[in-house]
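One structure is given below, encoded as structure tokens.
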Amino acid sequence: MSGSTGTAGPALPKTLSDAAVAVLGTAQPAAKVALTQRAAAAWALGEITELGSGIPPDRPERPARPALVPPREVPRRRIGPDPAGRIALLHAVAHIELNAIDLAWDLIARFGPAARAAGMPREFFDDWCRVAADEARHFALLGARLADLGAAYGDLPAHDGLWEAAQTTADDLLARLAVVPLVLEARGLDVTPGMIDKLRRAGDEASAEILEVIYREEITHVAAGERWFARLCRRQGRAPGVAWEALVGQHFKGVLKPPFNDEARRAAGMSPDVYGYFTDLGS
Ligand SMILES: [Fe+2]
Ligand SMILES: [Fe+2]
């Protein structure tokens, strides 16, 4: 099997759950990226066909750095010609992408068997493997750009908000989809165009282009969240909009901050009638 991919290194896990648990148990980002890309390709090529079952850890393994600190202690600097602000921005996005790799595999390992039992087809797993591979590529692009700027992932502190969202939705796939793709990744769609503009105004076209790739692909991640959330709701006889409001109210501690990027959210299949509900509550 490994002969067909020609890759060296440890044997390919036998099942998709084993692969997911192996990625989650890998601390070094470069190794996490490499195993993700190998496992996602093996699933797509039919070299791994079984879902299997595995127990994901409560927390994925991570490198010793970056230090995890409260969000207000994460450095933010003005985006300008001085690289410090751009490095801080790219570092923060890289940290999100590393979390996003683990979130995709955690979804597969934690919820895969129940999702299959609930009638989710192969395409459900195809989507989350593709998301994991995209996130790995996003992390790698940002890591390379940080290196161009004389920095590296781990140089600055980062916060743990994304994994906290994973832990508060560890018992319920619908809640996980409601919060991770449909609140947090959708929030990425709202804020990324502004980051791209700032990078361009600072003359950093290379960083802006990376964020454009990420932005386009994140629309497809939100779309996957929307599609499977709606499908699971319908199977349970629930109206997706009503269920989303209830689950976000229950599991998401933050606030949904307008302005929303209606165009990107619509492209991902999200309805302003649904997410606008929270704006109305907040106003
Ligand atoms: Fe990403
Ligand atoms: Fe994503």
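The values are calculated or read from the model by the stated rules, or taken from the named source; none is laboratory data. These numbers were taken from a predicted model, which means no experiment stands behind them. Every residue, glycine among them, receives a Cβ derived from its backbone with ideal geometry; neighbour counts consider all protein chains shown. Just the protein is used for accessible areas: all its heavy atoms, side chains included, with ligands, DNA and RNA removed. Shrake-Rupley method; radii C 1.70, N 1.55, O 1.52, S 1.80 Å.
Quick check: is even one residue across segment 80-94 farther than 23 Å from HIS221 by Cα, open to solvent by 60 Å² or more (accessible area, probe 1.4 Å) and of a type outside the set (D, E, K, R)? Yes, the conditions are met somewhere in segment 80-94. Candidates in segment 42-72 are the residues that are of a type in the set (D, E, K, R) and more than 30 Å from ASP155 (Cα to Cα); of these, the one that is least open to solvent (accessible area, probe 1.4 Å) is GLU47. Assess whether ARG216 counts as being closer than 15 Å to LEU177 by Cα and either assigned to a helix (DSSP H, G or I) or not small (Gly, Ala, Ser) (or both). Judged against the criteria, ARG216 is not a match. Looking only at residues of segment 166-182 that are open to solvent by 10 Å² or more (accessible area, probe 1.4 Å) and in a helix (DSSP H, G or I), we find that the one that is farthest from LYS253 (Cα to Cα) is LEU173.
Of all residues in segment 171-210, those being acidic (Asp, Glu) and free of Cβ contacts under 8 Å to residues at least 40 places away in the same chain number 4.
Contact map, segment 59-81: first residue without any contact (Cβ under 8 Å) to a residue 40 or more places away in the chain, second residue polar (S, T, N, Q), Cβ cut-off under 7 Å, separation 6 or more or different chains; pairs are GLU61/THR26. Within segment 230-250, does at least one residue satisfy the condition of being within 16 Å of ligand 2 (Cβ to nearest atom) and hydrophobic (A, V, I, L, M, F, W, C)? No: segment 230-250 contains no residue that is within 16 Å of ligand 2 (Cβ to nearest atom) and hydrophobic (A, V, I, L, M, F, W, C). Against the definition (open to solvent by 40 Å² or more (accessible area, probe 1.4 Å), within 11 Å of ligand 2 (Cβ to nearest atom) and not hydroxyl-bearing (Ser, Thr, Tyr)), how does GLU209 come out, yes or no? So GLU209 does not fit the description; no.
For the structure I just gave you, tell me whether ALA223 is part of a helix (DSSP H, G or I), surrounded by 16 or more Cβ atoms within 10 Å (Cβ to Cβ) and at pLDDT 95 or above. So ALA223 passes the test. Against the criterion of being touching a residue at least 60 places away in the same chain (Cβ under 8 Å) and within 16 Å of ligand 1 (Cβ to nearest atom), VAL213 qualifies. Taken over segment 117-137, the criterion of being open to solvent by 40 Å² or more (accessible area, probe 1.4 Å) and modelled with pLDDT of 95 or more is satisfied by ARG122, GLU123, ASP126, ARG130, ARG137.
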